[in-house]
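Visitor: Pasting in a structure now, in structure tokens, and then I'll have a few things to ask.
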Amino acid sequence: MPALINIAANILFGAGLVLVLRRSEALRANLVSWAFFVLLGFEAVLVTPVATYLFRFYPQWSMLYLFDPQIFPELDRYIGVLSLFAVLLNVGAAFVGFFLARLALVAGQTWIWAAPLGAAAGVILTVGVLHGHRVLYVGDYDEFWQGNAVFLLKSAAGWVGLILYAAAGLLLTLVHRRFKNHDPRIL
């Protein structure tokens, strides 16, 4: 998925994890709790490889086809650095969502967790309205502008992104069902 949508989705995921585990005593008592390690594990095992793959092999789609490679020919030299930056932003966004939602939970201030959720939803909605066609078609810059880009559901990159979002939703559902009223036990 394009980088802006991934970053916003990671904010939603981090905050969503706190919201589904809002009754957890460990989450309320400690900033670094088992819920944080669930987030860290998901980001390390799934988000980082997927974001790296998408940005490395589909950089123009990831940047919403905003940069013409003929005007910015040097951009291709920095794809590795940009990919690293995109991954760091994705992981950082998940942590920001998590920490703000936890702060809201501990402080009892719903506006604190509503702000990042609203901002993330606003980014996704804005990108969808303004650049929805750029999200739905995967390819390089020339393919997109010539009308030869592949529809999202017909490309491996599209499926990888959608499966990542489905995995995040599944994880939130499973964690909520399993641990909504108690923390996990060691023994």
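Since every read-out is calculated from the coordinates, none of them should be taken as a lab result. The shown structure was predicted, so the numbers you read here are calculated from the model rather than taken from an experiment. Cβ: placed from backbone, ideal geometry, glycine included. Neighbour counts: every protein chain shown.
Visitor: What spacing in nm lies between the two simple spin-label points modelled at Leu66 and Leu130, each 7 Å away from Cα in the Cβ direction?
Guide: 0.8
Visitor: I've got another one for you. Quick one: what are the phi-derived ³J(HN,Hα) couplings along the range 161-172, Karplus 6.51/-1.76/1.60 with θ = phi - 60°, whole Hz, x for glycine and proline?
Guide: Karplus-based 3J(HN,Hα) across the range 161-172 equals x, 5, 5, 4, 5, 5, 5, 5, x, 5, 4, 4 Hz.
Visitor: Which FRET efficiency value, to the nearest 0.05, do you get for Val32 and Ala115 by plugging their Cβ-Cβ distance into 1/(1 + (r/R0)^6) with R0 = 22 Å?
Guide: 0.45
Visitor: Which length gain, in nm to one decimal place, applies between Ala44 and Trp145 when the Cα-Cα distance is subtracted from 0.36 nm times their residue separation?
Guide: Contour length minus the Cα-Cα distance gives 32.9 nm.
Visitor: Then there is this: Residue by residue through the range 134-151, which ³J(HN,Hα) values in whole Hz follow from phi under the Karplus form 6.51 cos²θ - 1.76 cosθ + 1.60 (θ = phi - 60°), with glycine and proline marked x?
Guide: In residue order, the calculated couplings are 6, 7, 7, 10, 9, x, 9, 4, 5, 4, 5, 6, 8, x, 9, 5, 8, 4 Hz.
Visitor: Check which residues have an amide H placed less than 5 Å from Asp183's amide H, if you skip close sequence neighbours.
Guide: Residues meeting the amide H criterion: Glu25.
Visitor: How big, on average over all directions, is the shadow cast by the Cα convex hull of the range 26-96, in nm²?
Guide: 5.2
Visitor: Highest first, please rank the peptides 103-116, 3-16 by the mean number of other Cβ atoms sitting within 10 Å of their residues.
Guide: 3-16, 103-116
Visitor: Can you show me the helix-derived [θ] at 222 nm for the chain, built from DSSP H runs with n ≥ 4 at -39,500 (n - 2.57) apiece and divided by the number of residues, rounded to the nearest 500.
Guide: -23000 deg cm²/dmol
Visitor: What does the charge count near Arg22 come to, summing +1 for each Lys or Arg and -1 for each Asp or Glu among other residues with Cβ under 13 Å from its Cβ?
Guide: Here the charged neighbours net out to +2.
Visitor: Note down the nm distance, to one decimal, between modelled labels 7 Å out along Cα→Cβ at Arg178 and at Tyr78.
Guide: For Arg178 paired with Tyr78, the spin-label model returns 4.2 nm.
Visitor: Would you calculate the separation in nanometres between label points at Phe85 and Ala167, each defined as 7 Å from the Cα along the Cα-to-beta-carbon direction?
Guide: 2.6
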